[in-house]
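Undergrad: Would you mind keeping the following structure in view while I ask a few things?
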Amino acid sequence: MRGKRHASIAVVALILGVLLALQFRVSSEPQPAVASGERARELTNDLSELRKEKNNLALDVADLEERVMTARQGIAQAEGAIINEIEKHRVLAGLTAVAGPGVEIILQNVQRAEQPTEDVALFAIRDEELVRLVNELRGAGAEAIAVNGQRLMGTSEIRLAGPFVNVNLTRISPPYQVQAVGDPVVLHSMLELPGGLVETLRDWGIDVQIEVLEELIIPAYQGTVRLEYARPYKEGD
């Protein structure tokens with residue numbers, strides 16, 4: 001009896017050992033279906049985050065490109081404004097040929113027989129009359145003036161040199177042709193003012209012809225600009 005009991009116990013122990021071993025093996029083996037599902041969800045979440053980051057980066061790139069384009073447009077506009085300002089000052093300085101509406105004045109000395117008691121110089125156009133005429137044109141808003149093709153600038157001189165007149169150190173002689181670009185109506189009205197310079201010259205017997213032109217061309221100053229003493233000044237220097 002005792003031997004049978006021991007044999008039964010041994011069989012039961014063996015069966016229990018086998019069952020425990022099988023249970024341990026099952027519990028220790030991976031669960032492929034569950035693991036694959038969790039990994040798929042993780043990858044899906046990662047992909048979604050990457051797509052969001054990509055969209056955000058695309059928006060940032062578009063914003064930067066727009067800023068760069070705006071900056072380039074601003075630079076181009078600034079360069080254009082600077083170039084226009086330089087050209088305007090070149091025109092005012094007389095360094096660029098200009099075209100536009102204005103007036104042309106022709107002055108001719110008196111054509112008369114010289115009398116023994118008369119000084120013919122009294123009836124000749126002098127540098128003073130040309131200077132006064134130029135000043136009147138400037139006062140009427142002339143933007144560019146030339147005398148016998150000599151463009152006037154800030155340092156131009158009109159002065160008598162014997163029987164001739166020098167403009168920009170160039171000798172000129174009658175008839176004197178004075179051209180001015182500006183509002184032709186205003187320029188003409190200023191010249192024809194009663195008691196003005198033109199009326200006075202005509203009273204002296206000097207022939208003065210004024211023509212209003214829709215388009216005339218005034219050449220650029222042909223000399224060399226030299227500044228020995230003047231220099232640009234900035235406040236605080």
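The values are calculated or read from the model by the stated rules, or taken from the named source; none is laboratory data. For clarity, every value in this text was computed on a predicted model and none was experimentally measured. Heads up, the Cβs are rebuilt from the backbone with ideal geometry, glycines too, and the neighbour counts pull from every protein chain shown.
Undergrad: Consider W204 against the criteria (1) closer than 19 Å to V110 by Cα; (2) surrounded by 13 or more Cβ atoms within 10 Å (Cβ to Cβ); (3) in contact with a strand residue (DSSP E or B) (Cβ under 6 Å, 6 or more places away or on another chain): it satisfies all of them except one. Which criterion is unmet?
TA: (3)
Undergrad: Can I ask one more? Using the structure shown, decide if G182 is more than 14 Å from I145 (Cα to Cα) and either surrounded by 15 or more Cβ atoms within 10 Å (Cβ to Cβ) or not β-branched (V, I, T) (or both).
TA: No, not satisfied.
Undergrad: Considering each of G149, G141 in turn, give the residue that is closer than 16 Å to P219 by Cα and touching a residue at least 40 places away in the same chain (Cβ under 8 Å).
TA: Only one candidate qualifies: G149.
Undergrad: Given the conditions (1) within 19 Å of V186 (Cβ to Cβ); (2) of a type in the set (A, V, I, L, M, F, W, C); (3) at pLDDT below 85, and given that L122 satisfies all but one, which numbered condition is not satisfied?
TA: (1)
Undergrad: Identify the single condition in (1) within 29 Å of A230 (Cα to Cα); (2) touching a Pro at 6+ places or on another chain (Cβ under 8 Å) that E128 does not satisfy, given that it satisfies every other one.
TA: Every listed condition holds for E128 apart from (2).
Undergrad: Continuing with this model, one more query. Restricting to segment 207-237, name every residue that is exposed (fewer than 13 other Cβ atoms within 10 Å of the Cβ), modelled with pLDDT under 85 and within 28 Å of the chain's Cα centre (by Cα).
TA: T224, V225, R226, L227, A230, R231, P232, Y233, K234, E235, G236, D237
Undergrad: Let me ask something else. Report the residue count in segment 57-114 for those that are within 29 Å of V212 (Cα to Cα) and among the hydroxyl-bearing types (S, T, Y).
TA: Residues meeting the conditions: 1.
Undergrad: Tell me, please, whether a residue that is under 30 Å from R226 (Cβ atoms), at pLDDT below 80 and either exposed (fewer than 10 other Cβ atoms within 10 Å of the Cβ) or in contact with a strand residue (DSSP E or B) (Cβ under 8 Å, 6 or more places away or on another chain) (or both) can be found in segment 99-114.
TA: no
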